[in-house]
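Encoded as structure tokens, the structure appears first; notes follow it.
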Amino acid sequence: MSSSSLQYRPAPVSDANTRHLGAIAPDADAIAEEANDRAFTATAQIAYLEAALSDWPKQSSPHVPAADAEEPETASAPVLAPRRTLKPLTLLKSVVAIAIAVALGWMPAQRLLATTSSEAVVNARIVTLRAPIEGEVTMAHAGTDIGSAFSLDQSVLAIDNPRADASPLSALAQQRGQLTTSIAALEAKKRLLTANLQELDTQQERFRLGRIEQIEQRTRESDADIAAAEAQYSVAADALKRAQWLKTTDAVSQAFLDKAQGEARVTQQAIRAQTERKKGILVELTAAKKGTFVGDSYNDTPQSAQRKMQISLELSDVEARLAGNRAELAATEAALAKETVRQSQLARADIHSTVNGRIWEMLTAPGEHVNIGQDLVKMIDCGSAIVTASVSETAYERLSIGQAATFTPRDGGPELKGNIVSLNGLTAVNSNTAIQASALSREPYHVTLKFPDLSKEFDCRVGRSGLVKFDTTTPAASANAS
């Protein structure tokens, strides 16, 4: 920088000032320097530094201004030219001021250059628990209210309905009692018939044995009759031989001989009759041994056997009815068990949490009567935590589904990594999330992001705000692959 550029000329002064300066001539230079220091403000310093920077390349070729060049004058105020030298403190202040201005302007500039969200909040799906029955509400845990945490399948509240219809259950219980009584009566009758049947079996066996013994006795009697007939035939045959011999000598008449011949034939036929009678008795004996009884004065089955058959038929009927009643009782027991479960469900319903999360809205209170299907509790599903963000149109045009992004909570939590899962654009889609996209109104374009680490925490802290930075340099396909 040339020495001429650092020179300055004081402004012209009036005659009065000249006379005043003449009076105090020895201190004129000091007073002028002090006035110039006061006029060299921060604005003048910045202007001076800018001029110095613009003249910096001209330092290697100094030039001397024309002698007759004159500085323009203004009538309103003196014109200050850069001083020939600067104080070190003044120069240091100027440098610090420039550094602060650059630092304060760099952060907004960096924000404008990066693709970020205007606003972003942690969001999650809302799960609504409804009443399966009507009745009065009781809380499973004292102090349950908005913000209470519940784990999966944990009991939240219960509904009691003392006026539940129990008539089907009573009818089934009555039917079971009747079947039980009928089965008990049939079982007692079966035991009695079984005892009678056993008694008749014994009686029939005794009759069979006695009948066989009787027939065997008749067989022996028939043998004796045959022996007697044979003896008579032997006598008659001897008499016939004598009569025939005597007839040859004419000692007896022909009539005597005919009588002897007749008696011999009668005794011979008596033997044959007794033999046939024995055959009949033997047939009866064989049948009796086989359990069939034949005779002139009774049927083939004795009365005990007939009674036994009647009792057997009656016992079969009892067993069939007993089996039917037992099957019906089993069906009734199954129906009664189902009805008992249904009745317990109608009389009391335990409402369990279907997610790991917290109560978002409490729509009922202990002692309140609710109807079937009425909303009871709305819970935040922390396992479905997402981030909903709004962005400008310029930023939105640079985004695509699957691109990587980071979420920095404003409360100082750790930075989370995730990716874009939905680009809703200008449409604020209504959903079952806790915070609707329409609530983010700083920018009209809406984006939904998924951060896996949010779902790992039981307390997803819905509504926590932060800043989302989008990595537009990473293609969407590679972001999904990672």
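Points worth noting:
- A straight chain from Arg398 to Ala97 at 0.36 nm per residue would run longer than the Cα-Cα distance by 104.7 nm.
- Distance cut-off 24 Å, percentage of C-alpha pairs in the range 335-430 lying past it: 54 percent
- Overall form of the range 252-398 per C-alpha gyration tensor (a/c, 1.5; a/b vs b/c): prolate
- The phi-based Karplus calculation (6.51 cos²θ - 1.76 cosθ + 1.60; θ = phi - 60°) puts the 3J(HN,Hα) values of the range 344-356 at 5, 5, 6, 7, 8, 9, 8, 8, 10, 6, 9, 9, 8 Hz, whole numbers, x for Gly and Pro.
- In order through the range 439-454: 3J(HN,Hα) via Karplus (6.51 cos²θ - 1.76 cosθ + 1.60), integer Hz, x for Gly, Pro: 6, 8, 10, 5, 10, x, 9, 10, 9, 10, 10, 10, 10, x, 5, 5
- Whichever lysines have a C-alpha closer than 30 Å to that of Lys259, once near sequence neighbours (fewer than 8 apart) are set aside: Lys241, Lys247, Lys278
- Entries in Lys189/Lys338; Lys378/Lys456; Lys190/Lys308 that, when Cα-Cα distance is taken, lie over 23 Å: Lys189/Lys338
- Backbone geometry of the range 389-402 corresponds, through the Karplus equation with coefficients 6.51, -1.76 and 1.60 at θ = phi - 60°, to 3J(HN,Hα) couplings of 10, 10, 9, 6, 5, 4, 5, 4, 5, 8, 9, 8, 5, x Hz, x marking Gly and Pro.
- FRET E, pair Lys279, Ala188, Förster distance 45 Å, beta-carbon r, rounded to 0.05: 0.30
- Computed FRET value (nearest 0.05) for Gln374 with Phe207, which takes r as the C-beta separation and R₀ as 56 Å: 0.10
- Other-chain or far-sequence residues with amide H under 5 Å of Gly357's (modelled H): Phe150, Cys382
- Net +/- balance of residues flanking Ala236 in space, Cβ distance below 9 Å, scoring K and R +1, D and E -1: -1
- For the range 169-321, with +1 on Lys and Arg beta carbons and -1 on Asp and Glu, the positive-most of Val294, Ile311, Ser234 along the dipole: Ile311
- Amide H contacts of Asn432 (H built 1.01 Å from N, in plane; Pro and chain starts excluded): no residue 5 or more places away or on another chain comes under 5 Å.
- A full extension of the chain between Ser312 and Gln214 corresponds to an added length of 32.5 nm, given 0.36 nm per residue minus the alpha carbon distance.
- Annotation: amide H-H contacts under 5 Å for Val156 (H modelled 1.01 Å from N, sequence separation of 5 or more, or interchain): Ile351, His352, Ser353.
- Separation in nanometres of the label points that stand 7 Å from Cα toward Cβ, at Leu246 and Asp153: 12.5 nm
- Values of log10 I(q)/I(0) for the range 169-321 across q = 0.10, 0.12, 0.13, 0.17 Å⁻¹ run -0.63, -0.74, -0.78, -0.97, by the Debye formula with one identical scatterer at each alpha carbon and no solvent.
- Shown is the FRET efficiency for Thr340 and Ser438, computed with R0 = 51 Å from the Cβ-Cβ distance and rounded to the nearest 0.05: 0.55.
Where a number appears in this text, it was derived from the coordinates with a stated rule and is not lab data. Computed from a predicted structure; not experimentally measured. Note that we place each Cβ from the backbone using ideal geometry, even for glycine, and neighbour counts take in every protein chain shown.
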